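Below is one structure, written out as structure tokens; comments come after it.
The values are calculated or read from the model by the stated rules, or taken from the named source; none is laboratory data. This is a predicted model, so every value here is computed, not measured. When we count neighbours, we look across all protein chains shown, and the Cβ atoms used for this are built from the backbone with ideal geometry, even at glycine. Accessible surface is based on the protein model in full, side chains and every heavy atom, while ligands, DNA and RNA are left aside. Shrake-Rupley method; radii C 1.70, N 1.55, O 1.52, S 1.80 Å.
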Amino acid sequence: MRAGKLVWAATVLIIIYITWKAISPLITPIFFGLILAYAAHPIHRRLSPRIGGMKSALLLTVGMLGLGSIVTFEILMISVQVASSFYHSIVDFFRWLMTQPLPPEVLDFLQNFFNQLVPRLSDYISRQAFSLPMYLLQLVVFLFTFYYALAFSREIAEEIRLAIPERNRHLGEEILESLNKTLGALVRAWLILNVVKGVLMTLGFIAFGVSDVYTAIVAGFLTFIFSFVPLFEGWMIWLIAAAYFAREGMYLHAVGISLYGFLLVSPMPDYTIRPMMVAKDTNLDETLVFIGMIGGTWAMGVKGLIIGPIVLNLLLVLLKEWKRVVSKEPSHRHSQAPPKPAPHPVG
């Protein structure tokens, strides 16, 4: 009997391990598919009674596909331009540096370093270019996750409720409520802040004279879109504007748009204003939210920006529950002696 249980446990562990190895490369698109499905669920809930749940999920997925196609195209164009410009700038800088009157030892060191740097840099850029099929695969996984999470949202919610043990139903419901509250606050702060960053970028392009009004509006829209893309964010837009000014010799304008973008667009508001917004909606301390965002991003990448504050909030819920349980336990420090039997009446 014991050997059978061990074999069964080993089989389950092997299946879990193989499953994790199979889906671990796709964790990020699955995660963000679920997060954006949660964000789009209020719209889905309003559309479902009119056109049906499946059609509503399909309509929202098609809209997300259009948005994803625009983002993919823009990322491809900007990545190629940035990578090519960065590569040629590095090569030109080292070539210029080696024409300067430097000691022979320094020139030899720079030449050896240059000979090793250029092949590695070319290989890195090539690998990034060939990673586009993987990005497209992740986009497909993201869209399927987004669609099925919306189409079967009721069934998923019901299965989660049924999975809560009856003995710990109170704690389970409290955890789900905390999760919903924190995730809702993060999504609202994400959306609102990205809209504000897009508007500020448009105003910045107009105020600093980067472009005309139409191009400034496009820059604001791209800032809004890129704020949803991991690692790109809105800083790429103001960085391009600063590079344009620097190339034209307008260094004060380059410094001005850089400070404006850094302080008001990205990344400063992501780690100052966003924690304040989330803390206000979840009744958490701003420092705790900030630590959750920084620590989560450090440990888990971009996913940690959302997971970190959620985990810390759930930890607080568990600590409150533990405190409540401990306070109800009877104290055994002063044990009383057992009462003596009462004497029988005489006669």
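What's the FRET efficiency of residue 27 with residue 100 using the Cβ-Cβ distance as r and R₀ = 41 Å, to the nearest 0.05?
With R0 = 41 Å, the Cβ-Cβ based efficiency is 0.25.
Roughly how many nanometres apart are two label points built 7 Å out from the Cα toward the Cβ at residue 115 and residue 314?
Output for this residue pair reads 5.4 nm.
Could you give the nm distance between label points at residue 13 and residue 250, where each point is 7 Å from its Cα heading toward the beta carbon?
In this crude label model, residue 13 to residue 250 measures out at 6.5 nm.
Given points 7 Å out from each Cα along the Cα-Cβ axis, report the residue 195 to residue 325 separation in nanometres with one decimal.
So the label points at residue 195 and residue 325 sit 4.2 nm apart.
Which value, in Å² rounded to 10, gives the accessible area of residue 158 with a 1.4 Å probe and all protein chains present?
90
Toward the positive end of the charge dipole of region 144-285, about the Cα centre and with charges on Cβ (Lys, Arg +1; Asp, Glu -1), which of 223, 278, 182 goes farthest?
Farthest towards the positive pole: 223.
Compare 203, 60 by solvent-accessible area with a 1.4 Å probe and give them largest first, with all protein chains kept in place.
203, 60
To the nearest 10 square angstrom, how much accessible area does residue 134 have with a 1.4 angstrom probe?
Result for residue 134: roughly 100 Å² accessible.
Rounded if a/c is under 1.5, else prolate if a/b is larger than b/c, else oblate: which is region 156-249, with a ≥ b ≥ c the root eigenvalues of its Cα gyration tensor?
Here region 156-249 falls in the prolate category.
Quick one: accessible surface of residue 188, probe radius 1.4 Å, all protein chains present, in square angstrom to the nearest 10.
About 120 Å², rounded to the nearest 10.
Residue by residue through region 185-193, which ³J(HN,Hα) values in whole Hz follow from phi under the Karplus form 6.51 cos²θ - 1.76 cosθ + 1.60 (θ = phi - 60°), with glycine and proline marked x?
Running phi through 6.51 cos²θ - 1.76 cosθ + 1.60 with θ = phi - 60° gives 5, 5, 5, 5, 5, 4, 5, 5, 5 Hz.
Sorted by accessible area (1.4 Å probe), largest first, how do 148, 17, 214 line up?
214, 17, 148
Which residues does a label at residue 218 reach in region 245-263, if reach means a backbone N under 20 Å from a point 7 Å past the Cα toward the Cβ?
Label zone hits: 245-248.
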